[in-house]
Amino acid sequence: MKRVLITGMSGTGKSSVIHQLTAQGFEAVDLDSDEFSHWVEVLPGTSEHPTPAPGRDWVWREDRVQEILASESVDVLFVSGCAENMRKFVPQFDHIVLLSAPADVIAERLSKRTNNQFGKRPEELDQVMTVLRTVEPLLRKLADHEIDTRATLDEVVAAVLMHVN
């Protein structure tokens, strides 16, 4: 089974891509959901990177993520998300695709999205911009492919599929 991680900052389109892949009949899971991730309290200075919210970090529920990745029920599994503890799972992915967009595009998307309230408050948006500057370069090093999500959703999904096939 081929496992594909679609990652990127808040507002780059990870959830939209996963929903589109699901609609096309692929096995696709959004790990940035309460079922697979949760907020944890962190002490200042204990995280290697800036956290998405002061004093809190969004992390994957490791047992649930491992269960999904261990499944052999489909030929290709797409998962999306970005969390501090995702690096524990990186060796299990055949492909890592980074979705990216300029800061102004991300800010506009966060202000308009309706499926997730994170990033709408000024302090959350400031944190997203800090994480964009500091964490996205690290994701870029992990990724074997980067897609600029200023393209249409159909074009982004087609680029993901072209890369993994």
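Just checking, does segment 142-163 include any residue being of a type in the set (Gly, Ala, Ser), at pLDDT 95 or above, surrounded by 15 or more Cβ atoms within 10 Å (Cβ to Cβ) and outside any loop (DSSP other than H, G, I, E, B)?
yes
Would you confirm whether any residue within segment 102-117 is in contact (Cβ under 8 Å) with a residue 24 or more places away in the chain, surrounded by 12 or more Cβ atoms within 10 Å (Cβ to Cβ) and in contact with a Pro (Cβ under 8 Å, 6 or more places away or on another chain)?
No: zero hits.
Quick one: how many residues across segment 116-143 are touching a Leu at 6+ places or on another chain (Cβ under 9 Å) and either among the aliphatic types (A, V, I, L, M) or more than 14 Å from Gly11 (Cβ to Cβ) (or both)?
6
Only strands (runs of 3 or more DSSP E) wholly contained in segment 23-109 count here; list those with 2 or more residues that are at pLDDT 95 or above.
Answer list for segment 23-109: 27-30, 76-80, 95-100.
The values are calculated or read from the model by the stated rules, or taken from the named source; none is laboratory data. Here the structure is a predicted model, which is why all the values come from computation and not from measurement. All Cβ positions, glycine included, derive from the backbone under ideal geometry; neighbour counts span all protein chains shown.
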